[in-house]
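Here's the structure we're looking at; comments come further down.
No value in this document is a laboratory result; all are computed from the given coordinates. It should be emphasised that the depicted structure is a prediction, and the values quoted were computed from it without experimental measurement. Note: ideal-geometry Cβ built from the backbone for every residue, glycine included; neighbour counts use all protein chains shown.
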Amino acid sequence: GEAASREVESGGPGELFAELQKIDLECYHHDLLEAGWDWPTLCSCVQPGDLDALFSDKPGHLRRLQAALAGTLPDVRHAPRSVSALLRGLGLPEYTAALTRLGWDNVTTLALVRESDLETIFAQKTGHKRRLLGFLEDKFVATGTLSPSLQAHAHQTRPWTEMGWHPGDPTDSRR
């Protein structure tokens, strides 16, 4: 009741849990509290490297938290509902398990991936890596819903008609 709402309002553990839940990272609630973090401190004081140890197994989760803190989560309303659906649509379903294992487990997080994040997963298949990055660049950079980190890798728009998207088509109402 009143005590719980005070806890959320005052930056207590309830606020941290609520904010993490919004970005599907509530599983880190306890670890962040144990490390002395609350939501206001994360928003105002976190420095590069501060959270690396907590997220060492899931770099995608760290990227999602960083984007949420910076207010740069991409708009994925018109993207596939899941990473597996996105990869199937691109003809790359064999990468679902590897990406998920590293925390690139939802479309919001995958939209934040950098080329360097994919080096080990796509070590032998540069073309597959380019196909995924090309789609992400076209879908999220072209619409202005991706942080500048991936924009450096942006290149020409490709048609992804098999996915039902037509990047650059001004008649595409899903933008």
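Among the residues of the stretch 92-101, is there at least one that is small (Gly, Ala, Ser) and either buried (at least 20 other Cβ atoms within 10 Å of the Cβ) or in contact (Cβ under 8 Å) with a residue 60 or more places away in the chain (or both)? No: the stretch 92-101 contains no residue that is small (Gly, Ala, Ser) and either buried (at least 20 other Cβ atoms within 10 Å of the Cβ) or in contact (Cβ under 8 Å) with a residue 60 or more places away in the chain (or both). Counting the residues of the stretch 84-120 that are part of a helix (DSSP H, G or I) and among the acidic types (Asp, Glu) gives 3.
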